[in-house]
Amino acid sequence: MIERKLWPLTIAVSAVLMAVAANCFLKYLWWTACYSAWSGIPKLAEQWRSAGTRASFYGWSVIALDAASIAILSTTIRLRYGVRVLTSLVITIAGTAVLALASSWIKQGAH
């Protein structure tokens with residue numbers, strides 16, 4: 001367990017990891033859409049391969065960053081082990097989703 005005085009730091013680090021994961025998720029969606037759109041077009045074969053590589057990189061980045069956030073939150077929350085991990089999982093997924101939505105609104109300009 002983390003000492004009580006370090007909780008704000010661990011929560012801040014976890015929030016930063018979720019924000020970076022949300023940005024990576026949006027990039028993953030973009031590159032997956034490009035990969036899908038460019039498949040089968042011989043003129044765009046090089047871009048298609050590049051888009052596939054980038055989509056894979058950003059997809060795995062989301063998983064790694066969220067796993068790190070879950071690990072950090074599970075050391076901060078004081079519940080039984082199973083409940084602690086499940087709570088960390090729910091908080092991380094919800095936080096990443098909300099931050100991805102907010103980030104997409106900010107990048108596109110909310111109308």
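May I ask you to evaluate 6.51 cos²θ - 1.76 cosθ + 1.60, the Karplus curve with θ = phi - 60°, for each residue of segment 71-87 and list the ³J(HN,Hα) values in order in whole Hz, giving x for glycine and proline?
Karplus values, whole Hz, x for Gly and Pro: 5, 5, 5, 5, 7, 8, 6, 10, 9, 5, 4, x, 5, 4, 5, 5, 5.
Along the Cα→Cβ direction, 7 angstrom out, place labels at Ala37 and Trp60. What is the inter-label distance in nm?
Taking the simple label geometry, Ala37 and Trp60 are separated by 2.6 nm.
Taking the Cα centre of the chain as the origin, how large is its charge dipole in debye, to the nearest 20, when only Lys and Arg (+1) and Asp and Glu (-1) carry charge on their Cβ atoms?
So the dipole magnitude of the chain works out to roughly 140 debye.
Put +1 on the Cβ of each Lys and Arg and -1 on the Cβ of each Asp and Glu in segment 4-106; which of Asn23, Trp105, Thr10 then has its Cα farthest toward the positive end of the dipole?
Thr10
Using just the alpha carbons, could you tell me how many Å³ per residue the convex hull of segment 2-45 encloses?
In segment 2-45, the Cα convex hull volume per residue is 62 Å³.
Once Rh is set to the Kirkwood radius over Cα pairs, what Stokes-Einstein translational diffusion coefficient, in µm²/s, holds for segment 4-106 at a temperature of 10 °C and a viscosity of 1.306 mPa s?
Stokes-Einstein gives a translational diffusion coefficient of 107 µm²/s.
Quick note: the coordinates plus some simple rules give every number you see, no bench work behind them. In this text, all values refer to a predicted model and were calculated from it rather than measured experimentally. Note that each Cβ is placed from the backbone with ideal geometry, even for glycine, and that neighbours are counted across all protein chains shown.
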